[in-house]
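Asks: I have a structure I would like to understand better, so I am pasting it below and will then ask my questions one at a time.
The values are calculated or read from the model by the stated rules, or taken from the named source; none is laboratory data. Being a predicted model, the structure only gives us computed values, none of them experimental. Note that we place each Cβ from the backbone using ideal geometry, even for glycine, and neighbour counts take in every protein chain shown. Note: accessible area is taken over every heavy atom of the protein model, side chains too, but ligands, DNA and RNA are not part of it. Shrake-Rupley method; radii C 1.70, N 1.55, O 1.52, S 1.80 Å.
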Amino acid sequence: MSTSLEQLKERLAQVSDLGAAAAVLGWDQQVNMPPGGSDARAHHLATVTALAHGLFVADETGQLLEEAAAETAGLPHDSDDASLVRVARREYEKLRRVPESLVAERARAFALAFEAWQQARAESDFAHFRPHMERVVDLSIQYAEALGYEDCLYDALLDRYEPEMKTAQVARVFEEMKTSLIPLVQAITERGKPADETVFGQEYPEQAQWDFGLLVLRDMGFDFERGRQDRSAHPFTTGFSPHDVRITTRILPDHFQSALFGTIHEGGHALYEQGVRIEIGRTPLCDGVSYGVHESQSRLWENIVARSRDFWTRYLPRLREFFPQQLAGVDQDTFYRAINKVEPSLIRVEADEVTYNLHIFLRFELEQELLEGRLAVADLPQAWNAKMKEYLGIRPPNDAQGVLQDIHWADGYLGYFPTYALGNLLSVQFYNQALEEIPDLPEQIARGQFGALLAWLRDNIHTHGKKFTPTELVKRVTGGEMSAAPFLAYLQEKYTGIYGL
């Protein structure tokens, strides 16, 4: 007769399969589905998501968790079985409080909101998206109330993406970052040696952009036997298993950096997904530790590696082979300074390293105001524009370049944005630790050799899946806690040099 642990694994595998099916439906909606399919797709997603939720939070699952906990009581904390029970139990205790009807309604509403967002963004018409955003906010409040919280409602949503993190902790970290970032932006703007960006003020053929991005992806270690890249309105990564990981990018002929750094960014996410051990597939462990840790992987590859001078020692000559006319006479120093130009900009995903987090502060504050009833959805565009002026000194000319630029709210991801900034912090902490253990890492990057870096990330982060909390993982990898100091020091050193401050 099978043990309770074995029965639990089979049940959780079925939950995972349903989750993967929903993910396939979501990927298809953003990549292939015709617009007319939105109503039916909303029902598909509602049904599958509700089935997965119902199976997971059933009393039988709880009973199996209790019995499996007893069976694994003597195992080490980091063993697969003990971790599986611990992580699943935490999720069970949270999600069993959420009615299946609410889960279904959220899935349906978010699928419809996505289609409305696409049209609203294309037409720069927030009024078209407004009723959907109002529904997203209402359902998010219901969801947070069902999950429960101690200090503030936002905590319940933040915890879904960054386990055990509190809103007050995020606010303190962000305040620390502001005290360094805002003066640095001012110093660069007022005293910095201007960077020449004219190399990018011309057209780069789309197919060549696509082909060069694939070249870099392969060199990074992305396995095309277990993954693929497509196009979408907003770049994203989704994994159905470590053997099937999909990424997307978007190509703009007159903005070369968008596709390349989007591809590298999503490639960093995908390497994480492909690096989780297949032995823990079809379980709650087959995922990233948190969205912040996941983001650390994409930002490490996109910024610390691909925006480094060492990287372009190898890849600028290769890039010239794809774009000989556009890059004629452009030396490495000019190109390096151009891809690291600091300038307040409208679009978050195309922001430079220094100003990027200002975009996150803005969204973090607006989300709290919406959820606490201090800001009406109808007033969101004006509030957005005011905060853009406050943090970045610029005002969006329209809603498409302002409040409608991100897909996340249409997908119901309130509470998600802080993880982007946390990922930036962790990217530097993890890279610094890798550099300490692989001293010639910059020289390897300059040769286009990423095997040692990827192996280090796999051994220390990817392979574990979701076994540990973010705090546990950071301690395990770096010996300390998450801190803004290394990230701020990295920016100060890098951009003081680039801008001659």
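Asks: Tell me which helices (runs of 4 or more DSSP H) are completely within the stretch 125-203 and hold 2 or more residues being in contact with a Lys or Arg (Cβ under 7 Å, 6 or more places away or on another chain) and open to solvent by less than 10 Å² (accessible area, probe 1.4 Å), or say none if there are none.
Replies: Values: elements: 126-147, 153-161, 167-191.
Result: 126-147.
Asks: Among helices (runs of 4 or more DSSP H) lying entirely in the stretch 263-340, which contain 1 or more residues that are over 22 Å from Gln229 (Cα atoms), open to solvent by less than 50 Å² (accessible area, probe 1.4 Å) and of a type in the set (S, T, N, Q)?
Replies: 332-339
Asks: Okay, next question. Return the total of residues in the stretch 398-432 being small (Gly, Ala, Ser) and either crowded, with 24+ Cβ neighbours inside 10 Å or outside any loop (DSSP other than H, G, I, E, B) (or both).
Replies: Of the residues in the stretch 398-432, 5 are small (Gly, Ala, Ser) and either crowded, with 24+ Cβ neighbours inside 10 Å or outside any loop (DSSP other than H, G, I, E, B) (or both).
Asks: Right, something else. For the stretch 87-124, which positions are farther than 26 Å from Glu145 by Cβ and either open to solvent by 20 Å² or more (accessible area, probe 1.4 Å) or not in a helix (DSSP H, G or I) (or both)? Reasoning before the result, please.
Replies: At the first step, the residues of the stretch 87-124 found to be farther than 26 Å from Glu145 by Cβ are 115, 118-124.
Those that are farther than 26 Å from Glu145 by Cβ and either open to solvent by 20 Å² or more (accessible area, probe 1.4 Å) or not in a helix (DSSP H, G or I) (or both): Glu115, Gln118, Gln119, Arg121, Ala122, Glu123, Ser124.
Asks: Inspect the stretch 360-376 for any residue being free of Cβ contacts under 8 Å to residues at least 40 places away in the same chain, outside any helix (DSSP H, G or I), open to solvent by 10 Å² or more (accessible area, probe 1.4 Å) and among the aliphatic types (A, V, I, L, M) and give the result as yes or no. Outline the logic, then answer.
Replies: Quick first cut of the stretch 360-376, residues free of Cβ contacts under 8 Å to residues at least 40 places away in the same chain only: 362, 365-366, 369, 373-376.
Applying the additional criterion that residues be outside any helix (DSSP H, G or I) yields 373-376.
Among the residues that remain, those that are also open to solvent by 10 Å² or more (accessible area, probe 1.4 Å) are: 373-376.
Checking which are among the aliphatic types (A, V, I, L, M) leaves us with 375-376.
Yes, the stretch 360-376 contains at least one residue that is free of Cβ contacts under 8 Å to residues at least 40 places away in the same chain, outside any helix (DSSP H, G or I), open to solvent by 10 Å² or more (accessible area, probe 1.4 Å) and among the aliphatic types (A, V, I, L, M).
Asks: Let me ask you something else. So for the stretch 455-465 (the condition being of a type in the set (Ser, Thr, Tyr), open to solvent by 40 Å² or more (accessible area, probe 1.4 Å) and out of contact with any Asp or Glu (no Cβ under 7 Å at 6 or more places or on another chain)), does at least one residue qualify? Steps first, please.
Replies: Pass one, the stretch 455-465, residues of a type in the set (Ser, Thr, Tyr): 463.
Okay, now just the ones that are also open to solvent by 40 Å² or more (accessible area, probe 1.4 Å), so none.
No, because not a single residue in the stretch 455-465 is of a type in the set (Ser, Thr, Tyr), open to solvent by 40 Å² or more (accessible area, probe 1.4 Å) and out of contact with any Asp or Glu (no Cβ under 7 Å at 6 or more places or on another chain).
Asks: Would it be correct to say that Tyr336 is under 15 Å from the mean Cα position of the chain (by Cα) and either modelled with pLDDT of 95 or more or within 23 Å of Ala120 (Cα to Cα) (or both)? Explain how you work it out, then say what you get.
Replies: On the way: under 15 Å from the mean Cα position of the chain (by Cα): no; either modelled with pLDDT of 95 or more or within 23 Å of Ala120 (Cα to Cα) (or both): yes.
So Tyr336 fails the test.
Asks: Just checking, does the stretch 59-82 include any residue being under 17 Å from Ile280 (Cβ atoms), in a helix (DSSP H, G or I) and in contact with a Pro (Cβ under 9 Å, 6 or more places away or on another chain)?
Replies: Yes, the stretch 59-82 has at least one match.
Asks: If you don't mind, there's one more thing I want to ask. Residues in the stretch 3-17: is at least one within 26 Å of Gln229 (Cβ to Cβ), in contact (Cβ under 8 Å) with a residue 60 or more places away in the chain and assigned to a helix (DSSP H, G or I)? Working first, answer last.
Replies: Looking only at the stretch 3-17, we keep the residues that are within 26 Å of Gln229 (Cβ to Cβ), and these are 16-17.
Going one step further and asking which of them are in contact (Cβ under 8 Å) with a residue 60 or more places away in the chain, we end up with 16-17.
In the following step, the residues that additionally are assigned to a helix (DSSP H, G or I) were identified as 16-17.
Among the residues of the stretch 3-17, at least one is within 26 Å of Gln229 (Cβ to Cβ), in contact (Cβ under 8 Å) with a residue 60 or more places away in the chain and assigned to a helix (DSSP H, G or I), which makes the answer yes.
Asks: Quick one: count up the residues across the stretch 433-455 that are assigned to a helix (DSSP H, G or I), within 22 Å of Lys475 (Cα to Cα) and either touching a Leu at 6+ places or on another chain (Cβ under 8 Å) or touching a residue at least 60 places away in the same chain (Cβ under 8 Å) (or both).
Replies: First, the residues of the stretch 433-455 that are assigned to a helix (DSSP H, G or I): 433-437, 441-446, 451-455.
Those still in the list that are within 22 Å of Lys475 (Cα to Cα) too: 433-437, 452-455.
Among the residues that remain, those that are also either touching a Leu at 6+ places or on another chain (Cβ under 8 Å) or touching a residue at least 60 places away in the same chain (Cβ under 8 Å) (or both) are: 434-435, 452-454.
Adding up the residues that qualify gives 5.
Asks: Continuing with this model, one more query. Report the residue count in the stretch 456-500 for those that are β-branched (Val, Ile, Thr), in a helix (DSSP H, G or I) and within 29 Å of His243 (Cα to Cα).
Replies: 5
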